[in-house]
Amino acid sequence: MSDRPDQDDSERRYTFPRSHRLKRRRLIRSLFDRSRDDVDTVAVGCVRLLYRVVDREAIGHDVPLQVGFAPGRRVDSGVERNRVRRLLREVYRVHQHTLVDLFLRRSEALIVMILFRGAPAQADECIEQDLPRAMQQVASRFEPIPEEGS
């Protein structure tokens with residue numbers, strides 16, 4: 001059995017290209033700006049997602065989504081921080097189509113910051129359970145654009 005939720009779908013790619021990484025400081029700062037009313041948040045267990053919809057021109061790439069990862073303040077050592085960030089990235093990569101599919105045909109893009117807010121010792125099972133559920137909650141807040149010809 002594979003970790004992929006929809007292994008039958010052969011045209012899907014489970015890569016995480018550089019263009020999908022949230023790197024622009026201006027965009028990251030906008031997610032943490034408490035005075036903005038266009039930033040939404042979802043918290044499930046040990047994971048919190050901050051997200052907002054932006055124009056594709058603002059992100060600098062023609063991609064449906066850009067995402068960043070932050071291990072949080074409770075993760076002390078560099079080794080633990082890198083491990084938590086790697087876990088977040090891997091679970092996101094496997095379940096990314098939950099969000100990516102919603103923005104493929106839209107003119108705007110979604111920027112997301114995934115924050116780990118749990119104890120580093122429970123990171124493995126906590127991230128694997130909570131991140132897909134949080135991504136599903138974010139996806140449920142957006143209406144899918146109907147296929148052409150439907």
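Among the residues of region 86-108, which ones are under 12 Å from the mean Cα position of the chain (by Cα) and not aromatic (Phe, Trp, Tyr)?
Selection gives Leu88, Arg89, Glu90, Val91, Arg93, Val94, His95, Gln96, His97, Thr98, Leu99, Val100.
Considering only region 115-123, I want to know if a residue exists there that is closer than 25 Å to Ser30 by Cβ, in contact (Cβ under 8 Å) with a residue 60 or more places away in the chain, charged (D, E, K, R) and surrounded by fewer than 14 Cβ atoms within 10 Å (Cβ to Cβ).
No: region 115-123 contains no residue that is closer than 25 Å to Ser30 by Cβ, in contact (Cβ under 8 Å) with a residue 60 or more places away in the chain, charged (D, E, K, R) and surrounded by fewer than 14 Cβ atoms within 10 Å (Cβ to Cβ).
What number of residues in region 71-111 are touching an Asp or Glu at 6+ places or on another chain (Cβ under 6 Å) and without any contact (Cβ under 8 Å) to a residue 12 or more places away in the chain?
0
Laboratory data are not the source of any read-out in this text; all were calculated from the coordinates shown. A quick note: this is a predicted structure, and the numbers were derived from the prediction, not measured. In this analysis, Cβ positions are derived from the backbone assuming ideal geometry, glycine residues included, and neighbour counts consider all displayed protein chains.
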